[in-house]
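Undergrad: One structure follows; several queries about it will come next.
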Amino acid sequence: MTTTDLTLLLDQPLGQLARRLPGATGVFHAFRLDFCCGGKHTLREAAADKGIDALAIASRLHALQGVATRDGEDWAQVPADVLVDHLLARYHARHREQLPELVRLARRVEHVHGDSADCPHGLADHLEAMQQELESHMQKEEQVLFPLLLASEGRVPDGPVGMMRAEHDHHGEALRRLEALTNDITLPRAACNTWRALYLGLATLREELMDHIHLENNILFEGLNPLREPAAQPA
């Protein structure tokens with residue numbers, strides 16, 4: 001490994017690294033780097049923003065050459081219909097399972113431990129809002145965008161894709177709010193089993209939602225051949 005090798009990694013966008021280097025998303029999760037909504041930032045920029053050692057991350061990424069992805073598939077190399085099926089089964093169905101239970105656990109923790117300084121007040125309401133927004137977003141993909149994408153062999157107007165990207169950004173903001181409410185999903189020392197189950201589920205949600213958005217923003221959408229919508233004619 002040479003200094004040049006690491007420098008090349010430092011100056012590549014996180015989304016591009018996550019797309020082409022199997023295993024990179026696991027490294028980004030470990031260092032809390034936003035490779036989905038923040039995927040256009042270079043590794044150097046993202047590390048500087050977090051105040052962490054970019055070279056240490058680049059070294060970890062360099063060691064990943066030839067390592068398989070967590071799902072056992074290089075999703076950048078599969079047809080769009082296979083990737084869409086994976087998104088529906090692995091993430092859409094999963095979010096519909098996990099969020100109602102997380103809301104229930106959060107309400108229980110807030111009810112029982114509401115007098116604790118560490119209690120994540122407002123978390124249950126925030127998770128409920130996330131659930132509603134995600135459900136609306138996933139229905140738009142399932143009923144409109146994905147069928148259009150598959151029927152047109154990837155030639156999709158800019159508008160629907162741009163809307164989904166914007167909603168992904170909003171989901172990223174929701175995750176940051178979740179982190180603020182939970183001290184970065186950090187358990188207090190005397191947390192009960194319900195609290196522990198809640199925070200374990202939140203950590204899983206954060207990781208899976210970021211992976212979900214990455215696969216759409218950085219792989220599925222990047223592989224499209226967008227149809228430019230005609231500009232509005234002057235009156």
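Bear in mind these aren't lab numbers, they're just calculated from the coordinates by the rules spelled out. Only a predicted model underlies this, so the values are computations on that prediction, with no experimental measurement involved. Using ideal geometry, Cβ is built from the backbone for each residue, glycine included, and neighbour counts are taken over all protein chains shown.
Undergrad: On the given criteria, is Asp184 exposed (fewer than 15 other Cβ atoms within 10 Å of the Cβ), more than 20 Å from His41 (Cβ to Cβ) and among the acidic types (Asp, Glu)?
TA: No: the conditions fail for Asp184.
Undergrad: Mind checking which residues of the range 102-126 are closer than 28 Å to Leu220 by Cβ and either in contact with a Gly (Cβ under 7 Å, 6 or more places away or on another chain) or not in a helix (DSSP H, G or I) (or both)? Show your work before the answer.
TA: Quick first cut of the range 102-126, residues closer than 28 Å to Leu220 by Cβ only: 102, 126.
The one that is closer than 28 Å to Leu220 by Cβ and either in contact with a Gly (Cβ under 7 Å, 6 or more places away or on another chain) or not in a helix (DSSP H, G or I) (or both): Leu102.
Undergrad: List pairs: first in the range 157-186 and touching a residue at least 60 places away in the same chain (Cβ under 8 Å) and closer than 20 Å to Asn217 by Cβ, second assigned to a helix (DSSP H, G or I) and of a type in the set (D, E, K, R), Cβ under 8 Å, 6+ apart or cross-chain?
TA: Short answer, once both residue conditions are applied: His168/Glu216; His171/Glu133.
Undergrad: Residue check: is Leu123 surrounded by 17 or more Cβ atoms within 10 Å (Cβ to Cβ), over 22 Å from Asp11 (Cα atoms) and not charged (D, E, K, R)? Steps first, answer last, please.
TA: On the way: surrounded by 17 or more Cβ atoms within 10 Å (Cβ to Cβ): yes; over 22 Å from Asp11 (Cα atoms): yes; not charged (D, E, K, R): yes.
For Leu123, the condition - surrounded by 17 or more Cβ atoms within 10 Å (Cβ to Cβ), over 22 Å from Asp11 (Cα atoms) and not charged (D, E, K, R) - is met.
Undergrad: May I ask you to list the residues in the range 148-164 that are within 17 Å of the chain's Cα centre (by Cα) and exposed (fewer than 15 other Cβ atoms within 10 Å of the Cβ)?
TA: Taking the range 148-164 and keeping what is within 17 Å of the chain's Cα centre (by Cα), we get 161-164.
Listed by number, the residues that qualify are Gly162, Met163.
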